[in-house]
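Let me begin by presenting the structure, written as structure tokens, before commenting on it.
Values quoted throughout were computed directly from the atomic coordinates according to the rules given, and no laboratory measurement underlies them. Note that the coordinates shown come from a computational prediction; the quantities given were computed from them, not determined experimentally. Note that each Cβ is placed from the backbone with ideal geometry, even for glycine, and that neighbours are counted across all protein chains shown.
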Amino acid sequence: MISRIDLTNFKRFTQKTINLKPDELQVLAGANNSGKSTILHSLAVWEFCKTLHYYERGEEFFNDERSLGINIDDFTPLNIPNLKYLWTSLSTGTTYTMSIKAYWEIDSQEYFLKFGFAFAQERVYIKVEEHNLNYETPLPKIAYLPPFAGILSKEAWMPKAQRNRQIGQGLAGSVLRNLIIDFYSQHLETKREYTDDRGRISSEGWEYLRNNDAFEILNRNLHEVFQVYLFPKEFNPDFHSYISIEMQKGNLPGNRLYPFRGFAKRDIMAEGSGFLQWLSVFAFALDKNINLLLLDEPDAHLHTSLQWQLFEKLIDLSRRNEQQVLFSTHSSEIIKGVNPNIILKVDGDSISFLTQERQKVTLLAGLGTEHNILFNQIQQKKRILFVENESDKEILKVWTSNLGLNWPDNLFVWGYANKHKQRKELFLHLKDHLDTLKCLSLQDKDNDEYGTTNINLSDGLFDDYNENRKEFKCRKWRRWEIENYLICPRAIAAAASITENEIRNQIRDRNGIAVPVDNYTISDRQPQIQPLFDVEGKVVIEPICTHFGITKLDIANAMTSEQVFDDVKTLIHEIIEMCSD
């Protein structure tokens, strides 16, 4: 939606043009005080000015040359001690010395709207300085979510116009329950459309709900991450003043929630800041009326594993809704995992998108002590193992111990979700400074054909037999992912303290797979064990862990050396060999 911004004397930028990518999620990354928040703030203030003028002057506000004056109490998009803090170096002057000009494109036609700002007697005066709009021009709708500061304990019902005004004034958190109620009302209406005379929803209806219904998508994602389901209380604006949204935890095997024993419904405010942050971000990302979502460190209250999950889901939503998202972050997990061409590196006056994977190394090194420690460790250890997730390291270490072997002390394990190509770019950049660096890159097979890897786990889709073949090796599991190597009924039964037959029956009933008693750990895919290669391991293992209250690490710990799969043994021996050179 927004293609670029021109800033004059706004906060840290005296004169700056910032180019953006419309209809796409972009990551704003840089050190503290580099200017990331200034970019978000400029768009939040521009939206505030647009909203203020619209509600004060009407639909054609852009043709009114008069200024609007407001004081600090009425200025809601940013939390600042004084309005003069909007100006660079607090140099306000008495004329219109500050401006924000936004550009956007619709059907290849570029539009722009510029606001000028003056400061006098502790008030800021705002006027439209330039535009090329007419009464039919669609105006972008922007929502700004600052670093999470909580939501209202009580939220009144608001008509649409008032909600839009709250969002435009930077008060998105005050309308979260209203937004969820909107989703829920549409959800009930859609369900009625697909309900037959017997009160049942057709399979076509459920498919539509799962793919298109905002409330259904929100709930299923919340359950996937937090095992939580939302239950809005009945609301009628003729009788009720406040909106109540309750939540409950439980299992969701089909289309109905089965609550955990002893866990009663409670208001969403009872949950922690991480859950509320996720809920706020995800709900506004589902709102198709919002064209640009500004997220200022939305991952700040989230565990590293939740950070990446949130980011992946936001990418999917932004593409589905053709929504533009600016995602400011310090998270190394997110920066390491995304394509470089969506990372906008902000370093004072230098603002540009990355073009190569290796540029991330310099970016991460500049983010602070935490990341400097990361590169110091690589420098000390000189051996890298790239894996899909940080948790893979702990499972591999347990399997190594089960085999009676020692996990190498000189190995740095890097959870980096990108593919071999991007990992190699990082490796080559690091190797420019560390001549003796060696690396093994391990990927899941996922949907790749079985024949693209072999008994040595070499990845046939990536040519690692080149000038770096001794230093950078590409390996790929022969089964779908690392969880496939935890499908060991006897070890699962031992971890869960139940019988092996119960586990076998559950895998058979839930996944349609009969795990053989013998030979299921071998490397080559044989007819009797073919389903164990092609199924997604997480689909088998994670429901079992949830049902019996165990972890993947518990299963790995319960495996004997004979139960460790041959592919795992091959990989571990190669890791040890690389670290012994």
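Please give the contour-minus-distance gain from Asn79 to His303: 0.36 nm per residue of separation, less the Cα-Cα distance, rounded to one decimal in nm. Please report the intermediate quantities before stating the final value.
Values: separation 224, 0.36 × 224 = 80.64 nm, distance 2.63 nm.
Roughly 78.0 nm would be gained on extension.
What fraction of the DSSP beta bridges in the chain is antiparallel, stated in percent and rounded to the nearest 5? Please list the in-between numbers first.
Working: 51 of 81 bridges.
The antiparallel proportion sits near 65 percent.
Roughly how many nanometres apart are two label points built 7 Å out from the Cα toward the Cβ at Arg256 and Asn339?
Roughly 4.3 nm, to one decimal.
Arrange the following residues from fewest to most other Cβ atoms within 10 Å of their Cβ: Phe119, Phe462. Intermediate results must be reported in sequence, preceding the final value.
On the way: Phe119 22, Phe462 19.
Final ranking by Cβ density, sparse to dense: Phe462, Phe119.
Note down the Stokes-Einstein diffusion coefficient of region 363-580 in µm²/s, whole number, using a Kirkwood radius over alpha carbon pairs, 4 °C, and 1.567 mPa s.
Values: Rh = 18.3 Å.
Result for D is 71 µm²/s.
Sorting His131, His187, His547 on the 10 Å Cβ count, fewest up front, what's the list?
Working: His131 16, His187 19, His547 13.
Starting with the residue having the fewest Cβ neighbours, the order is His547, His131, His187.
Filter the chymotrypsin sites (Phe, Trp or Tyr not before Pro) in region 128-211 to those in DSSP coil with at most 12 other Cβ atoms within 10 Å of their Cβ, and list the result.
Numbers: sites: Tyr135, Tyr144, Phe148, Trp157, Phe183, Tyr184, Tyr194, Trp206, Tyr208; in loops: Tyr135, Phe148, Trp157, Tyr194.
Qualifying residues, ordered by number: Tyr135.
If we restrict to alpha carbons, what Rg and Dmax does region 171-287 come to, in Å?
14.5, 44
Using only Cα atoms, locate the centre of region 140-206 and the centre of region 411-463, then give the distance between them in Å, rounded to an integer.
Centre-to-centre distance over Cα atoms comes out at 43 Å.
Multiply the residue gap between Lys421 and Gln109 by 0.36 nm, knock off their C-alpha separation, and tell me the result in nm, one decimal place.
Numbers: separation 312, 0.36 × 312 = 112.32 nm, distance 3.72 nm.
Taking 0.36 nm per residue and subtracting the Cα distance, the gain is 108.6 nm.
Relative contact order of region 171-287: what whole-number percent is it, with Cα pairs under 8 angstrom and at least 6 residues apart?
On the way: 118 pairs, mean separation 27.0, N = 117.
In percent, rounded to a whole number, it is 23.
Relative contact order for region 363-580 using alpha-carbon pairs under 8 Å, separation at least 6, rounded to a whole percent?
Working: 315 pairs, mean separation 50.6, N = 218.
Taking the mean separation of contacting Cα pairs over the length of region 363-580, I get 23 percent.
Can you give the translational diffusion coefficient of region 270-317 in µm²/s, computed by Stokes-Einstein from the Kirkwood radius over Cα pairs at 4 °C and 1.567 mPa s? Intermediate results must be reported in sequence, preceding the final value.
Working: Rh = 11.2 Å.
Here the translational diffusion coefficient equals 116 µm²/s.
Scan region 1-78 for GluC sites (Glu not before Pro) in coil per DSSP, keeping those whose Cβ has at most 10 other Cβ atoms within 10 Å, and list them by number.
Details: sites: Glu24, Glu47, Glu56, Glu59, Glu60, Glu65; in loops: Glu24, Glu59, Glu60, Glu65.
Sparse-neighbourhood loop GluC sites (Glu not before Pro): Glu59, Glu65.
Can you put His429, His303 in order of Cβ neighbours within 10 angstrom, beginning with the fewest?
Values: His429 16, His303 11.
Placing the least packed residue first, the sequence is His303, His429.
Kindly provide the GluC sites (Glu not before Pro) of region 306-345 that DSSP labels as loop, not H, G, I, E or B, and whose Cβ sees at most 14 other Cβ atoms within 10 Å. Don't jump to the answer; show the numbers that get you there.
Numbers: sites: Glu312, Glu322, Glu333; in loops: Glu322.
Counting only loop positions with at most 14 other Cβ atoms within 10 Å, the GluC sites (Glu not before Pro) in region 306-345 are Glu322.
Could you grab the relative contact order for the chain? Cα pairs under 8 Å, six or more apart, rounded to a whole percent.
On the way: 1005 pairs, mean separation 72.9, N = 581.
Averaging sequence separation for qualifying contacts and normalising by length gives 13 percent for the chain.
Which one, Pro259, Leu461, Ser91, is farthest towards the positive end of the dipole of the chain when Lys and Arg carry +1 and Asp and Glu -1 on their Cβ?
Ser91
Expected output is a single nm value to one decimal: the length gained when fully extending between Thr137 and Thr17, i.e. 0.36 nm times separation in residues minus the C-alpha distance. What is it? Each step should come with its number before you reach the end.
Details: separation 120, 0.36 × 120 = 43.20 nm, distance 2.33 nm.
Extending this stretch completely gives an extra 40.9 nm.
Sort the chain into rounded, prolate or oblate with this rule: let a ≥ b ≥ c be the square roots of the eigenvalues of the Cα gyration tensor; rounded if a/c is under 1.5, and if a/c is not under 1.5, prolate when a/b is larger than b/c, oblate otherwise. Don't skip to the end; give the middle numbers.
On the way: a/c = 2.48, a/b = 1.46, b/c = 1.70.
Cα axes put the chain in the oblate bin.
Hey, what number do you get for the chain at 222 nm if only DSSP H runs of n ≥ 4 count, each worth -39500 (n - 2.57), divided across all residues, to the nearest 500?
Numbers: 18 runs with 214 residues, N = 581.
Using -39500 (n - 2.57) per qualifying helix, the result is -11500 deg cm²/dmol.
According to a simple spin-label model (label point 7 Å from Cα along Cα-to-Cβ), what is the distance in nm between Thr560 and Asp448?
In this crude label model, Asp448 to Thr560 measures out at 3.3 nm.
Can you give the charge dipole size of region 171-287 about its Cα centre, rounded to the nearest 20 debye, using +1 on the beta carbon of Lys and Arg and -1 on the beta carbon of Asp and Glu? Please list the in-between numbers first.
Numbers: 13 positive and 16 negative charges, 110 e Å.
Roughly 540 debye, rounded to the nearest 20.
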